[in-house]
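To start, the structure itself, in structure tokens.
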Amino acid sequence: MRWRALVTAGLAAALGAACGPPETLGERACTAEGAKLTYESFGRGFFDRWCVRCHGAGEGYSSRSFTSVEAIRAARERIFVNAVGDDPPMPPGPDDPPVAEREQLADWLACGAR
């Protein structure tokens, strides 16, 4: 009887981990929809709307500037960890990007932020 409880608990933990959202960019697969997104069609608008107020080079509060696709690509793992998921810390404030836009960001980053 005890072994059944252990097996059940182990399976539940494994399934929960497998079904949860990816925690790192490397765990996120590039989707067909994500492969269609580009800096021009998605990235620039997302970062202009949600990020460059603070991450906008000399005019921002942060030393990290996300005003070019090259800068975003260089920081994409960090961006993924901080801006995607259930309760991401970025961007701070009362107005957050909609979940659908965060999912697009995750897909775009996973596909290489082209």
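With the requirement that a residue be surrounded by 12 or more Cβ atoms within 10 Å (Cβ to Cβ) and either touching a Cys at 6+ places or on another chain (Cβ under 8 Å) or not in a helix (DSSP H, G or I) (or both), what does the range 22-40 give you?
P22, E23, R28, C30, T31, G34, A35, L37, T38
Quick one: P88 ticks every box in (1) in contact with a Phe, Trp or Tyr (Cβ under 8 Å, 6 or more places away or on another chain); (2) under 11 Å from L105 (Cβ atoms); (3) in a loop (DSSP other than H, G, I, E, B) bar one, so which box is it?
Failed condition: (1).
Kindly establish whether G43 is at pLDDT 95 or above, surrounded by 11 or more Cβ atoms within 10 Å (Cβ to Cβ) and not polar (S, T, N, Q).
Criteria met by G43.
Looking at the range 72-85, which of its residues are in a loop (DSSP other than H, G, I, E, B) and of a type in the set (G, A, S)?
If the condition is that a residue be in a loop (DSSP other than H, G, I, E, B) and of a type in the set (G, A, S), then A75, G85 are the ones that fit.
Cβ-Cβ distance below 7 Å, separation of 6 or more or different chains: which pairs start in the range 43-57 with a residue that is at positive phi and without any contact (Cβ under 8 Å) to a residue 60 or more places away in the chain and end on one that is in a loop (DSSP other than H, G, I, E, B) and not charged (D, E, K, R)?
Qualifying pairs under 7 Å: A57/S65; A57/T67.
State the number of residues belonging to the range 22-78 that are of a type in the set (S, T, Y) and closer than 13 Å to A106 by Cβ.
Summing the residues that are of a type in the set (S, T, Y) and closer than 13 Å to A106 by Cβ in the range 22-78 gives 2.
Checking the structure you have, find out if any residue of the range 63-71 is part of a loop (DSSP other than H, G, I, E, B) and under 15 Å from the mean Cα position of the chain (by Cα).
Scanning the range 63-71, I find at least one residue that is part of a loop (DSSP other than H, G, I, E, B) and under 15 Å from the mean Cα position of the chain (by Cα), so the answer is yes.
Can you pull out every residue in the range 53-71 that is among the hydrophobic types (A, V, I, L, M, F, W, C) and at pLDDT 90 or above?
F66, V69, A71, listed by residue number.
I'd like the full set of residues that are in a helix (DSSP H, G or I) and among the charged types (D, E, K, R), limited to the range 43-58.
Result: R44, D48, R49.
Name the residues in the range 85-114 that are farther than 18 Å from V52 by Cβ, surrounded by 13 or more Cβ atoms within 10 Å (Cβ to Cβ) and of a type outside the set (D, E), would you?
Selection gives G85, A106, A110, C111, R114.
The values are calculated or read from the model by the stated rules, or taken from the named source; none is laboratory data. Please read all numbers here as calculations on a predicted model, not as lab measurements. Here the Cβ is made from the backbone with ideal geometry for all residues, glycine too, and neighbour counts use every protein chain on show.
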